[in-house]
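The values are calculated or read from the model by the stated rules, or taken from the named source; none is laboratory data. Everything quoted here is computed from the prediction, not taken from an experiment. No Cβ is skipped: glycine too gets one built from the backbone with ideal geometry, and neighbour counts run over all protein chains shown. We work out accessible area using only protein heavy atoms, side chains counted, and drop any ligands, DNA or RNA first. Shrake-Rupley method; radii C 1.70, N 1.55, O 1.52, S 1.80 Å.
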Amino acid sequence: MINNLFLSLAIMVSTVSTAIPILADDLNVLFIAVDDLRPELRCYGTEGLSTPNFDQLANSGVRFDRAYCQQAVCGASRLSIMGGLYPTKTREQTFHIQAWRKRHPDLLTMNQHFKNNGFRTIGMGKIFHGTGGPDVDPKNWDQWIRIPGRVYADPTSFKMSREYNKEDKNSKRGPATECLDVADDQYSDGRRTAKAVEVIGRLANSKKRFFLAVGFTKPHLPFVAPKKYWDLYDRSRFSMPENTKIPPGYPVYAANQKASELRAYSDIQDRLPTEFPQELNRKLLHGYAACTSYTDACLGQILTALKQSGLAENTIVVLWGDHGWKLGDHSSWAKHTNFECDTRVPLLIRVPGQSAGKSTDSLIELIDLYPTLCQLTGITIPKHCQGQSFAKLFDDTTLPHRTSAYSSYPGRKLPVSKIKNAKMKSDFRKEIGHSIRFGDYRYTEWRPFPADPATVAVLTDLNSDPGEVTNVIDEEIHADALKRARSLLEQRVLDAIGTH
């Protein structure tokens, strides 16, 4: 760990009149989560998208170009980030992850650790899965703020969403999109933003360090945002991606081709993504862009409040997406796979006085956030954390961090009776897809158990095929990469499940 003396010399606030060193012991943390946001931002090279506040944060901090989640689904990813353990270690691998605290009563969460180290910890929105209840770890925050709000502004759509029952095939969640001429605070993220601004104002008058977590729910489905954000875009200019296929040999059951999450909405009418008319495709793309711009506006209000309060000078700002998202990629929508577009995430971090406007290609995992923030703020890194601090990158963004980034995703159910060396013959186990990004490649294996041979393996050269629709596993020119992939993945799986 970098000691506090070194860090206090390294982290400086750059001002015109003075250059006052900011001690690690003086730094606060503003921790912002965005739901279902892939790196579809102007600062990541997406032309035509209106994201001035995301871009401003990138210009004042460090943009991480190769950051990856540990599982491309909300609950598993978020608990991994906040708990510091891989989903393959905890076996918390679903999207809701209910009652996880009962199964892991001694898990030292990030918020709990910062609270134990003297920070005032305040949370709101979607940090863990959900925005309230026992699964947001409420006992281990100084304050958890639940802001009431509606999914839809249209009463009819809202009523339908409240009556939704996922066990009833005839029950629908409401429409996948909504465009109404309403104020920002008619949706939850707008109300959450107003509360965050209020909290920042109060924190400015406190001498105690803080860890403030704010979780936005957009651009998660449904794509609902005030009309003014829809009006930023011309729908006719949206088009579907070209990578409509999956790599040869890629198991269909692991490709999420049915896009069940999207098809639960009333206006999709159970059609498969390959059956969507172009009008619907453009509407969905438009909706995702509108929601991203809505979130951008909310972010801007919070960053402005932080600056006006004077807290920006000694507050680390972290903005992360919990996983990527398919926007028609591989002829599907949503997440739920090990594809590059599902596992790669946006990550923007501003440390006062450090590396403003820089970017890094170093491989980062979201599980690394926990130890990194501990190191940057001068508190101990808990021994249980499986992540690795990348604090050194704020001094030199060209330094390497990881040789590979590991993600996993549960695939099909397999009867244990058909699994080698299984003892519980009546049980079922999920086949797990283990995947790494290394160099120019993504390599994925599906295994019944970590120690068993792979049932399927896919290697893609993303340099020549960024859309990930090819499998070069049998091509001699990639033989060395395949050998390295197998060795790296074997080690990553063993490390993730905690056998070492």
Practice prompt. Just name the residue that is modelled with the highest pLDDT out of those in region 238-266 that are open to solvent by 20 Å² or more (accessible area, probe 1.4 Å), more than 22 Å from Q278 (Cβ to Cβ) and not small (G, A, S).
Written response: P248
Worksheet item: Across region 333-361, which residue is modelled with the lowest pLDDT among those that are in a loop (DSSP other than H, G, I, E, B) and within 23 Å of L311 (Cβ to Cβ)?
Response: S355
Worksheet item: Do you know which residues across region 95-126 are open to solvent by less than 10 Å² (accessible area, probe 1.4 Å), under 18 Å from G84 (Cα atoms) and aromatic (F, W, Y)?
Response: W100, F114
Practice prompt. Output the number of the condition that H330 fails; it satisfies all remaining conditions of (1) in a helix (DSSP H, G or I); (2) touching a Lys or Arg at 6+ places or on another chain (Cβ under 9 Å); (3) open to solvent by 20 Å² or more (accessible area, probe 1.4 Å).
Written response: (3)
Worksheet item: Out of L79, L57, which single residue is part of a helix (DSSP H, G or I) and either of a type in the set (K, R) or open to solvent by 10 Å² or more (accessible area, probe 1.4 Å) (or both)?
Response: L79
Worksheet entry | Considering residues of region 180-209 that are touching a Pro at 6+ places or on another chain (Cβ under 9 Å) and among the charged types (D, E, K, R) only, the residue most open to solvent (accessible area, probe 1.4 Å) | D181
Fill in: Among (1) in contact (Cβ under 8 Å) with a residue 12 or more places away in the chain; (2) more than 19 Å from the chain's Cα centre (by Cα), the one test that K102 misses
(1)
Item to complete: Take I364 and decide whether it is part of a strand (DSSP E or B) and either open to solvent by less than 10 Å² (accessible area, probe 1.4 Å) or basic (K, R) (or both).
Response: yes
Discussion item. Here is a check on your reading of the model: is D465 open to solvent by less than 40 Å² (accessible area, probe 1.4 Å), under 19 Å from A485 (Cα atoms) and either at pLDDT below 90 or touching a Pro at 6+ places or on another chain (Cβ under 6 Å) (or both)?
Written reply: no
Worksheet item: Which one of these is open to solvent by less than 10 Å² (accessible area, probe 1.4 Å) and either part of a helix (DSSP H, G or I) or over 22 Å from L393 (Cβ atoms) (or both): T274, T304, T295?
Response: T295
Worksheet item: If you take the residues in region 396-419 that are modelled with pLDDT of 95 or more and part of a loop (DSSP other than H, G, I, E, B), which one is farthest from A454 (Cα to Cα)?
Response: D396
Practice prompt. Give the residues of region 232-257 that are basic (K, R) and in contact with a helix residue (DSSP H, G or I) (Cβ under 8 Å, 6 or more places away or on another chain), sorted by residue number.
Written response: R235, K245
Response to the item:
Restricting region 120-134 to residues that are in contact (Cβ under 8 Å) with a residue 60 or more places away in the chain and either among the small types (G, A, S) or in a helix (DSSP H, G or I) (or both), the one farthest from T315 (Cα to Cα) turns out to be G125
